[in-house]
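What follows is a short report on a single structure.
The values are calculated or read from the model by the stated rules, or taken from the named source; none is laboratory data. Values in this document were obtained by computation on a predicted structure and should not be read as measured data. Note that each Cβ is placed from the backbone with ideal geometry, even for glycine, and that neighbours are counted across all protein chains shown.
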Amino acid sequence: MKKIMLVLARECRMRFRRPAFWVLTFLVPLLLAALYALPVIAANRSAEQAQLLVVDETGLFEHALRPTDEVAFRAMPDIAYARRQMEGDDDVDAILFIPMRETTIPRDAFLYHRSTTPPLALQQYISGQLQMILRNAILEDVYQLDPEVYHSVSTTGISLHMQDAATGRESFAHVKSVVAVVLAFLVVLALIVFGIQVMRSVQEEKATRVAEIVASSVHPVQIMVGKVGGVATTAVTQLVLWVMLTAAAIGGIQAANPDLFSQAREQQTARSLATKGDEATAQYNASVQLVDETVQGLTAINLPLVAGLFLLFFLLGYLLYGALLAALAARLDSDADAFQWVLLFLSPLLLVLMLIPLIVQSPDGLLAQCLSVVPFTAPAAMLLRLPFGIAVWQVILAVVLLVLTFLMAATLAARVYRRHLVK
């Protein structure tokens, strides 16, 4: 045991001394916190109002276009005058030109802009306005229908909310799907990165003949256990720091926006209680903004439980794949075929990533449950299902099978390691 600890300590020191370890340790939480904050910041950021000149030869649109905080319209008599206005006024962003055609219904509209293309949201808004104005004109002139009456019938505005029958909590399936995909990609990326670190460490020591020197005083199996354990220690340390620093960064974001997050928690609590009666009807009739739904969905997830199970399945998955990749590195004589063999060994994890749409669409389906208990796919498949809720017995079964498979893989890897490490 003492020799194993010596090898483990050596592996830890080598990795803790590398600047890349600490750069990634502090950079990844900042990136995750930025991804968490960007939707809220982008949705609440007040954009500068775009100024558009309108040349409408049909006479249908120029007085019906509705300005907003993002865009303002100004009517012009003709296209030549509008071009001169845009050349002399830097505040003008573009010219909207609707030419007269021989047909009674306009078919084309042109947006003449400067060298910078207008934002896609602005383009979609203008296109939607033109479509709506033209549709209303057709309803009134051709079919003699009141547009307001028509739209009140054609657009009901009803929203379908998914709620748990026992607790009344809303599911927030879209938000949970995004969290599930992020967790799965993180665990697969971490398993690949740290698994390859074990493999490269063994290959480097074989190439430099250090393995033969170490093996003269330490059993090859002890070297393998120490290497896998050393990289696991640094990996878990880095992941724990990622979780803590990300939580601290997210906490800082929430503290900087207390009104937004407190309102989201209150709405989440109200939705869990309002399951029937007038209060529920009022809840359904109230409009829910995308930002509020995102924040409520995140607060509905048990983040400490998710973080704990993430670390557990990462550790078990790493021990399994780390032992196999260490044995593979000891078996290979060169790096020529290493990449193909690594892809073969990691193909179960890549398979789960390919099946993400099917698993997320039906997290309690037969395919998702089978992949969750198969040891080679469980680390990624379990995390895809985790935000949606998993039965406790399934988590226990997956952990037990992972541990048993790791013990068998470690026994097999030890034999390979013992035979091929020192020639």
Filter segment 48-97 down to residues that are crowded, with 18+ Cβ neighbours inside 10 Å and among the aromatic types (Phe, Trp, Tyr) and give me whichever is nearest to the chain's Cα centre (by Cα). Phe73
Hits in segment 98-108 - residues which are buried (at least 17 other Cβ atoms within 10 Å of the Cβ) and either modelled with pLDDT under 90 or under 15 Å from Gln51 (Cβ atoms) (or both): Pro106
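Which is part of a helix (DSSP H, G or I) and modelled with pLDDT under 80, of Ala336, Ala323, Ala327?
Working: Ala336 fails: part of a helix (DSSP H, G or I); Ala323 fails: modelled with pLDDT under 80.
Among Ala336, Ala323, Ala327, only Ala327 is part of a helix (DSSP H, G or I) and modelled with pLDDT under 80.
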Please work out if Arg415 is among the basic types (Lys, Arg) and either closer than 17 Å to Leu320 by Cβ or not assigned by TED's automatic domain parsing to the domain that holds Phe314 (or both). yes
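So, Leu316, is that one within 24 Å of the chain's Cα centre (by Cα), surrounded by fewer than 17 Cβ atoms within 10 Å (Cβ to Cβ) and among the hydrophobic types (A, V, I, L, M, F, W, C) or not? Outline the logic, then answer.
Values: within 24 Å of the chain's Cα centre (by Cα): yes; surrounded by fewer than 17 Cβ atoms within 10 Å (Cβ to Cβ): no; among the hydrophobic types (A, V, I, L, M, F, W, C): yes.
In short, no.
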Looking for something closer than 13 Å to Leu309 by Cα and touching a Pro at 6+ places or on another chain (Cβ under 7 Å) - is there at least one such residue anywhere in segment 385-397? yes
Residues of segment 58-116 satisfying the condition of being of a type in the set (S, T, N, Q) and either in contact with a helix residue (DSSP H, G or I) (Cβ under 9 Å, 6 or more places away or on another chain) or not in a helix (DSSP H, G or I) (or both): Thr58, Thr68, Thr103, Thr104, Ser115, Thr116
Within segment 341-363, work out how many residues are more than 20 Å from Tyr321 (Cα to Cα) and either in contact with a Gly (Cβ under 9 Å, 6 or more places away or on another chain) or of a type in the set (Val, Ile, Thr) (or both). 5
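Conditions (1) buried (at least 24 other Cβ atoms within 10 Å of the Cβ); (2) closer than 23 Å to Val228 by Cα; (3) at pLDDT below 85, marked per residue:
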| position | (1), (2), (3) |
| --- | --- |
| Ala380 | yes, yes, no |
| Leu384 | yes, no, no |
| Phe388 | no, no, yes |
| Ile396 | no, no, no |
| Ala410 | no, yes, yes |
| Ala414 | no, yes, yes |
| Tyr417 | yes, yes, yes |
| Val422 | no, yes, yes |
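Is it the case, given these coordinates, that Leu344 is surrounded by fewer than 19 Cβ atoms within 10 Å (Cβ to Cβ) and among the hydrophobic types (A, V, I, L, M, F, W, C)?
Working: surrounded by fewer than 19 Cβ atoms within 10 Å (Cβ to Cβ): yes; among the hydrophobic types (A, V, I, L, M, F, W, C): yes.
Judged against the criteria, Leu344 is a match.
Within segment 86-131, which residues are hydroxyl-bearing (Ser, Thr, Tyr) and over 15 Å from Leu60 (Cα atoms)? Walk me through it before giving the result.
Step one: filter segment 86-131 for residues hydroxyl-bearing (Ser, Thr, Tyr), giving 103-104, 112, 115-117, 125, 127.
Across segment 86-131, the qualifying residues are Tyr112, Ser115, Thr116, Thr117, Tyr125.
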